[in-house]
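Accompanying notes for the structure given below.
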Amino acid sequence: MNSSVIIFPGSNCDRDMDVALKKFGFKNQMIWHNDSELPKSDLVVLPGGFSYGDYLRCGSMASKSKIIDSVIKFAKSGGLLLGICNGFQILTETKLLPGALLRNKYSKFICKNVFVKINNSENKYFKNLKKNVLELHIAHNEGNFFCSNDQMREIEDNNQIAINYCDQKGQVEDNFNPNGAIKNIAGIFNKQKNILGMMPHPERMIDNYLSGEDGSFFFQNLINNLK
Amino acid sequence: MKISAIITLKKDVLDPQGKAVHQALNGIGFDSVKSIRQGKYFEIEIDEKDKKIAEQKAEEMCKKLLANLVIEDYKIIEK
């Protein structure tokens, strides 16, 4: 399976993602934002970080970079496109995903482990995953998912909510919402479920000795689903 | 020609920055401040002679990049 990770100026989770993808069997290539062609890929990842220093709005400048046209073309033809953290922000700025990510409700940069519940398993990302609740890491200042009422109706009608913040047992409640996101949303899909944007970082949870293993389950399952 | 654009968060969008600034102003004695909403201001120098065309272009800039219409509104101001 071939994957591509796009590097923007200011990306800082690109190499972690590279390590994670290779660990679970992807043949990964790093692609510079100023290239115009994507190599043949089964998965394209927009990594976390602070592309273009978060200037203007998080992800806004990256959403206009040269490689993005090919990324959009790839996604529109059904290719799997995963955006983590800043990658999620870029996906909303390109309008490949609905909504926007606002500043965290309590004006703090949040860096901690959270639990997320998988809301929709009928897709390449979560199908056959053994666990329903994952412990992953978040690190963001703008992760407060927001959208208009009309957009929310569409998101719910099409079952586009991917994961919600929850407790260890999978209870989705206000208490477990770290950033004020509507309905505890931590990640969403496009209608076709080939594009996934999420704030938590699975690539930071691939080593039991250092952090945790729930990211390992995610990547292992993803490559199995692609085979 | 110079044109300006003001970008503000939509009315129902949470503005924690504005809230923090509001509290700080209250803290240094500006008790009568009731609320603050923070926005962005752009001065655009554009090589156009026709004011209408310049304004149209500024509007396009707002729609395509300067503002995110999911959460923000824009206003074009002539100089």
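The values are calculated or read from the model by the stated rules, or taken from the named source; none is laboratory data. Bear in mind the structure is a predicted one, so any value in this text is a computation, not a measurement. No Cβ is skipped: glycine too gets one built from the backbone with ideal geometry, and neighbour counts run over all protein chains shown.
Residue-wise test of (1) more than 21 Å from A:ASP42 (Cα to Cα); (2) in a helix (DSSP H, G or I).
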residue	(1), (2)
A:ALA75	no, yes
A:GLY78	no, no
A:TYR106	yes, no
A:LYS112	yes, no
A:PHE115	yes, no
A:ARG153	yes, yes
A:GLN168	yes, no
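Residue-wise test of (1) at pLDDT below 95; (2) farther than 23 Å from A:LEU91 by Cβ.
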| residue | (1), (2) |
| --- | --- |
| B:ALA5 | no, yes |
| B:LYS11 | yes, yes |
| B:ILE28 | no, yes |
| B:VAL33 | no, yes |
| B:LYS63 | no, no |
Check: In the set B:VAL21, B:VAL70, which member is out of contact with any Asp or Glu (no Cβ under 7 Å at 6 or more places or on another chain), within 14 Å of chain A (Cβ to nearest Cβ), part of a helix (DSSP H, G or I) and hydrophobic (A, V, I, L, M, F, W, C)?
Finding: B:VAL21
Note to self: Just the residues that are within 13 Å of chain B (Cβ to nearest Cβ) and closer than 22 Å to A:LYS169 by Cα, please, taken from the range A:89-144.
What the structure shows: A:ILE110
Notebook entry, point to check: Restricting the range A:61-75 to residues that are in contact with a Phe, Trp or Tyr (Cβ under 8 Å, 6 or more places away or on another chain) and within 14 Å of chain B (Cβ to nearest Cβ), which is farthest from A:LYS22 (Cα to Cα)?
Noted result: A:MET61
